[in-house]
1. If the requirement is being under 30 Å from R146 (Cα atoms) and open to solvent by 30 Å² or more (accessible area, probe 1.4 Å), which of these qualifies: A227, A252, A245, A214?
2. Considering only region 197-276, give the helices (runs of 4 or more DSSP H) lying wholly within it that have at least 2 residues that are of a type in the set (A, V, I, L, M, F, W, C), out of contact with any strand residue (DSSP E or B) (no Cβ under 9 Å at 6 or more places or on another chain) and under 17 Å from M80 (Cα atoms).
3. Would you check if L269 is open to solvent by less than 20 Å² (accessible area, probe 1.4 Å), of a type outside the set (G, A, S), touching a Gly at 6+ places or on another chain (Cβ under 9 Å) and modelled with pLDDT of 95 or more?
4. Looking at (1) within 30 Å of P264 (Cβ to Cβ); (2) not in a strand (DSSP E or B), which one does L158 not meet, given that it meets all the others?
5. Out of everything in region 286-329 that is hydroxyl-bearing (S, T, Y) and in contact with a Phe, Trp or Tyr (Cβ under 8 Å, 6 or more places away or on another chain), what residue ends up being surrounded by the most Cβ atoms within 10 Å (Cβ to Cβ)?
6. State which residue is farthest from A190 (Cα to Cα) when the search covers only region 277-299 and only residues that are part of a loop (DSSP other than H, G, I, E, B) and aliphatic (A, V, I, L, M).
7. Looking at (1) open to solvent by less than 60 Å² (accessible area, probe 1.4 Å); (2) under 30 Å from P19 (Cα atoms), which one does R122 not meet, given that it meets all the others?
8. Restricting attention to region 284-332, which residues are charged (D, E, K, R), closer than 18 Å to L260 by Cα and modelled with pLDDT of 95 or more?
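The values are calculated or read from the model by the stated rules, or taken from the named source; none is laboratory data. Note that the coordinates shown come from a computational prediction; the quantities given were computed from them, not determined experimentally. Virtual Cβ from ideal backbone geometry, glycine too; neighbours counted across all protein chains shown. Surface accessibility is based on the protein's heavy atoms, side chains included, excluding ligands, DNA and RNA. Shrake-Rupley method; radii C 1.70, N 1.55, O 1.52, S 1.80 Å.
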Amino acid sequence: MALLTLDDLSPGQEFKAGPITVTRDELVAFAREYDPQPFHLDEAAAEHTFVGRLIGSGWQTAALGMRLLAEGLISHSTSMGSPGITALRWLRPVLPGDSLSAVIRVEEVRPSRSKPDRGMARLAMTLSDGRGEAVMTQDFAVLFARAGAIPSPRPVTLAQEDGPVAEPDDAVPLPFLAEAEIGATRDLGAHRFAAEDIVAFARAYDPQIFHLDAEAARTTHFGALCASGWQTAAVWMKRLNATFARDMALTARSGPVPQLGPSPGFKDLQWLRPVYAGDTLRYASRLVDKRASASRPGWGIATHHNTAQNQHGEAVFAFTGSVFWQWDRPSA
């Protein structure tokens, strides 16, 4: 069966995928690795949080969306990866036992002026649960090779370091959002991407050949095995949680600790450079805005800009997100 190229796509086309059913064990396993917040890990602990029940991580929902996108379109195409996401909204939580389906719609097709072997398709995806309720929407772009084109592999020199990166031991007090300083930046530490972890994540969520097979990846335009963009994003969440855990422990020594809630979504996510096996990324998060929530008294919404640089100091990842954050100290 011939692969779909950019020339086979046109505005208005729709592709469907699913359903896939997500178990409690799968939700908890992802949370333990990337997003260990109480409302993703344990029913009893979740009852005392903003959410009130066990739900899946939004980053896992996005990764499951990638799995459905691969099933419905990407695995049958000349996909060359995505430069990023214009906007993503988490509309409803994914619960244990939910069955998820996706509808992917082609919004725009644009051949590249500078590289005639490829072009960009702008897509919109809606992820729905078994009750027909939308749980996530996503507007994004994907690069596709054109008919008859075989993009040349880029030259790649892989980093030689391997093994885990030492966990930082620094900590700063975590403020309630009303007291948080706009512009404050938190270093989230570093993470090294091992080949076996890249492949394991890809098998579960993003089965594109340049994420799955080091030998086959050398013949693609990436030139070597590289991490799924969603793994790069999930590791940002992993680093944020690890950093905030230290900050919360320090804060608890002298007073109440602010709670964090879920995120309603993000915008302007950019995958700026490939992340290859052996690369070490250093992540950071900067608070850029805050406001009290009109719908949830005692809570606010923090807007944060997040980045990652590789071992060469090159920007590889960025996005602007939002999260519910306890607004003020509880009354005595």
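1. Values: A227 fails: open to solvent by 30 Å² or more (accessible area, probe 1.4 Å); A252 fails: under 30 Å from R146 (Cα atoms); A245 fails: under 30 Å from R146 (Cα atoms).
It is A214.
2. Values: elements: 209-212, 214-217, 229-252.
Hits in region 197-276: 209-212, 214-217.
3. Numbers: open to solvent by less than 20 Å² (accessible area, probe 1.4 Å): yes; of a type outside the set (G, A, S): yes; touching a Gly at 6+ places or on another chain (Cβ under 9 Å): yes; modelled with pLDDT of 95 or more: yes.
The answer is yes for L269.
4. L158 satisfies all of (1) within 30 Å of P264 (Cβ to Cβ); (2) not in a strand (DSSP E or B) except (1).
5. Going residue by residue through region 286-329, those that are hydroxyl-bearing (S, T, Y) are 293, 295, 303, 307, 320, 322.
Next cut, in contact with a Phe, Trp or Tyr (Cβ under 8 Å, 6 or more places away or on another chain) only: 293, 307, 320, 322.
Numbers: S293: 15, T307: 20, T320: 16, S322: 18.
Filtering first and then ranking leaves T307.
6. Within region 277-299, the first condition is being part of a loop (DSSP other than H, G, I, E, B), and the residues that meet it are 277-279, 293-298.
Narrowing the set further to residues that are aliphatic (A, V, I, L, M) leaves 277, 294.
Numbers: A277: 14, A294: 36 Å.
Ranking the candidates gives A294 first.
7. (1)
8. Step one: of region 284-332, the residues charged (D, E, K, R) are 286, 289-291, 296, 314, 328-329.
Pick out the ones that are also closer than 18 Å to L260 by Cα and you get 286, 289-291, 296, 328-329.
Residues satisfying the conditions are R286, D289, K290, R291.
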